[in-house]
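Below you'll find the structure, written out as structure tokens, and then a few comments.
The values are calculated or read from the model by the stated rules, or taken from the named source; none is laboratory data. This one's a predicted model, so the numbers in the text were calculated from it and none came from an experiment. Every residue, glycine as well, gets a Cβ built from its backbone with ideal geometry; the counts of neighbours run over all protein chains shown.
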Amino acid sequence: METLKSNQKITQSPLFKFLFLELICLVLMISDKNNQLAQPIRSTLSLAAIPLIKIIEWPQDMYQITELAVSRQAKLIQENKQLKEQLLEAKLKVQQNASLANENQRLRAMLSATQNSPLTTSVAFVSNITQAQRTQHVVIDQGQADGLFVGQAVLNLAGVIGQVDVLGNNFAHVILITDTTHAIPIEILRTGMRTLAYGNGQDIWLKEIPTSGDIQVGDVLVTSGFGNRFPRGLKLAAVKSLAVSPDRTFKTALAMPYAELDRLTEVFLIWPNQSKQEDTATSSALDQPILLDSNNSAQAENKPAPVQ
């Protein structure tokens, strides 16, 4: 009886249960290895576990997909930004190249004109333009240090622009032919008639034409050479309208300058020869281009009556 109780205690002890189960596992493992007894069970359990595995992996898969999409979007945004910057830089370079090409073309034309001209000229660049109702000036990047002098003639490829009025060391103010205080001796190319041309703030005004003078709309005005500041024959303006004075004692005319005075970028400076400098020093003050006083400039603003 005691032996039976002892055997029951042994069989019910945890150690015995563990060793017994371990033995069963070893037998099953050896049998499965030799005969693949548990293969159908494993296959069935694997198929049954697939949905559970998918459910467990779904949050991680969604996180990876979202992270990939966000990273791709961020990369696309960055690439798009870089491409826009490159496009803007390319457009700026194209604009600069176009501007440089135009400037190069103008400089080539001016260089060709300088080489082909019998006049002694040099090129200066316009740094500022001042155009009010009565004041018409431009500032160029050369001055007294470059040998410029007051009264020096200035022109461009289209025609006469004006003359040096104020000198600085490294800059100069050029008074334009349309300034209300400026006048210049001119000649009508078709007839050879000579007179003075005044600025009226926008155009050229011829206010001292005899009633018998032969002048027509479209006539070309050129410099007459009087005063030896402007060489003879330089294009100045074209007559656009005619009128008579209120008392009908003389005719007047308005002419449009050939040079686009509001779009100046480069100009020619005319350098007189030595003989011309001597002539300039001995020439009469009445023959020189003049700057009008305030009274004359006020008269220049009076508009003549149109020709009947």
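Please give the number of the condition Asn295 fails out of (1) modelled with pLDDT of 80 or more; (2) of a type in the set (S, T, N, Q); (3) loosely packed, with under 14 Cβ neighbours inside 10 Å.
In the conditions (1) modelled with pLDDT of 80 or more; (2) of a type in the set (S, T, N, Q); (3) loosely packed, with under 14 Cβ neighbours inside 10 Å, Asn295 misses (1) alone.
Identify, by number, the condition in (1) in contact (Cβ under 8 Å) with a residue 12 or more places away in the chain; (2) within 17 Å of Val174 (Cα to Cα) that Pro210 doesn't meet.
Only one criterion is unmet by Pro210, namely (2).
Please state which one of Thr211, Thr195 is at pLDDT below 90 and over 19 Å from Val139 (Cα atoms). So that I can check it myself, show each step before the final result.
Numbers: Thr195 fails: at pLDDT below 90.
The conditions single out Thr211.
Residue under question is Gly225, and the condition is that it be assigned to a loop (DSSP other than H, G, I, E, B), at positive phi and of a type in the set (Gly, Ala, Ser); does it hold? Don't jump to the end; show me each part of the working.
On the way: assigned to a loop (DSSP other than H, G, I, E, B): yes; at positive phi: yes; of a type in the set (Gly, Ala, Ser): yes.
Yes.
How many of the residues in segment 239-266 are out of contact with any helix residue (DSSP H, G or I) (no Cβ under 7 Å at 6 or more places or on another chain), under 14 Å from Gly159 (Cα atoms), modelled with pLDDT under 90 and not in a loop (DSSP other than H, G, I, E, B)?
Total satisfying the criteria: 3.
Look through Val150, Val154 and report the one residue that is in a strand (DSSP E or B) and modelled with pLDDT of 85 or more. Let's see the steps before the verdict.
Numbers: Val150 fails: in a strand (DSSP E or B).
Exactly one of Val150, Val154 is in a strand (DSSP E or B) and modelled with pLDDT of 85 or more, namely Val154.
Please enumerate the residues belonging to segment 159-172 that are surrounded by 15 or more Cβ atoms within 10 Å (Cβ to Cβ) and either under 18 Å from Ser127 (Cβ atoms) or at pLDDT below 90 (or both).
Taking segment 159-172 and keeping what is surrounded by 15 or more Cβ atoms within 10 Å (Cβ to Cβ), we get 159-165, 167, 171-172.
Gly159, Ile161, Gly162, Gln163, Val164, Asp165, Leu167, Phe171, Ala172 - these are the residues of segment 159-172 that are surrounded by 15 or more Cβ atoms within 10 Å (Cβ to Cβ) and either under 18 Å from Ser127 (Cβ atoms) or at pLDDT below 90 (or both).
So, in segment 174-220, how many residues would count as being of a type in the set (Val, Ile, Thr), surrounded by 19 or more Cβ atoms within 10 Å (Cβ to Cβ) and under 39 Å from the mean Cα position of the chain (by Cα)?
9
How about segment 136-152: which of its residues are buried (at least 19 other Cβ atoms within 10 Å of the Cβ), of a type in the set (A, V, I, L, M, F, W, C) and under 15 Å from Leu261 (Cβ atoms)?
Val138, Ile140
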